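Remarks on the structure that follows.
The values are calculated or read from the model by the stated rules, or taken from the named source; none is laboratory data. Remember, it's a predicted structure, so these values are computed and weren't measured experimentally. Virtual Cβ from ideal backbone geometry, glycine too; neighbours counted across all protein chains shown. Surface accessibility is based on the protein's heavy atoms, side chains included, excluding ligands, DNA and RNA. Shrake-Rupley method; radii C 1.70, N 1.55, O 1.52, S 1.80 Å.
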Amino acid sequence: MRISGSIALVTGANRGIGRHFAGQLLERGAAKVYATARNPEQIDIPGVERLRLDITDPRSVEEAAAVASDVTLLVNNAGISTSTNLVTGDLGTIRSELDTHFYGTLSMVRAFAPTLGTNGGGGILNVLSAMSWFSYDGDNAYGVAKAAEWSLTNGIRLELAGQGTLVTGLHLGAADTDMSANYDGDKIDPADAVRAALDGIEADRVEVVADEWSAYVKASVAKDPSEFYTATAR
């Protein structure tokens, strides 16, 4: 997968990691970048094509796919974090996490997979999380949604292999963006996370683990869960 000359579409490009994706794609020679958001007037990146898109609205996704019929690289970045638990949290809020991260991402994949196939295969990058692999009291709805999106990523990779579409998952811990403004722990520079992801795409990697925390969490999955949760509770 080559970024130079590609036609990319980035969801949630108005801020945070999505904004970095749109900018770095242009820097790497993408021929066109569709920068999308629910409110595209908030997108201030020179050189992009702004496009209105709400990934939780099937009609909006359908309209975006009709406009961006030349896409060869789809970056599913749009996301939310509601700091909601499962047992006591509002069910509507929990559903909104799944509607965005799982169903919204799936909707984008289903809409753009035929386009990617027609245009030679191309690639899909799903922005996942270290929380695909662990739970955190106070943010469990997000963890469930990201775990589901990780499984989705692995599934569509198999389903789209026949048309030559590269499917890559990006895992990272907290990034220094608006979404994690209230988090006091270590944060990765979003520019570094995006750089690692794009390097991974160009190397045809199916998974990119962008920081030490995510690598630590991934390694813990093969061990007794009590080891990880005991260690991180200290």
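Of all residues in the stretch 199-216, which are in a helix (DSSP H, G or I), under 30 Å from G121 (Cβ atoms) and among the charged types (D, E, K, R)? The answer is D199, E202.
Selection within the stretch 72-91: residues that are within 11 Å of D139 (Cα to Cα) and of a type in the set (V, I, T). The member of this set that is least open to solvent (accessible area, probe 1.4 Å) is T84.
Cβ separations smaller than 7 Å between residues 6+ apart or across chains give no pair from the stretch 137-155 residues that are farther than 14 Å from I80 by Cα to residues that are open to solvent by less than 30 Å² (accessible area, probe 1.4 Å) and basic (K, R). A Cβ distance below 8 Å, combined with a sequence gap of six or more or placement on separate chains, defines the contacts here; from the stretch 35-51, residues that are polar (S, T, N, Q) reach residues that are surrounded by fewer than 17 Cβ atoms within 10 Å (Cβ to Cβ) and modelled with pLDDT of 95 or more in the pairs T36/R52; N39/R52.
S96 fulfils the conditions (1) among the small types (G, A, S); (2) under 14 Å from D139 (Cβ atoms); (3) open to solvent by less than 30 Å² (accessible area, probe 1.4 Å) except for a single criterion, (3). In the stretch 56-66, the qualifying residues are those that are open to solvent by 20 Å² or more (accessible area, probe 1.4 Å) and touching a residue at least 12 places away in the same chain (Cβ under 8 Å), and the one that is nearest to A78 (Cα to Cα) is T56.
Selection over the stretch 53-72 of residues that are within 19 Å of the chain's Cα centre (by Cα) and under 25 Å from R28 (Cβ atoms) gives a count of 7.
Take the conditions in contact with a strand residue (DSSP E or B) (Cβ under 6 Å, 6 or more places away or on another chain), outside any loop (DSSP other than H, G, I, E, B), open to solvent by less than 80 Å² (accessible area, probe 1.4 Å) and modelled with pLDDT of 95 or more and apply them to A219. Does it pass? So A219 does not fit the description; no. Against the condition in contact (Cβ under 8 Å) with a residue 60 or more places away in the chain and under 27 Å from A197 (Cβ atoms), how does D99 come out, does it pass? In short, no.
Quick check on my filter: what residues within the stretch 9-29 are open to solvent by less than 10 Å² (accessible area, probe 1.4 Å) and either in contact with a Cys (Cβ under 8 Å, 6 or more places away or on another chain) or not in a helix (DSSP H, G or I) (or both)? Correct list: L9, V10, T11, A13.
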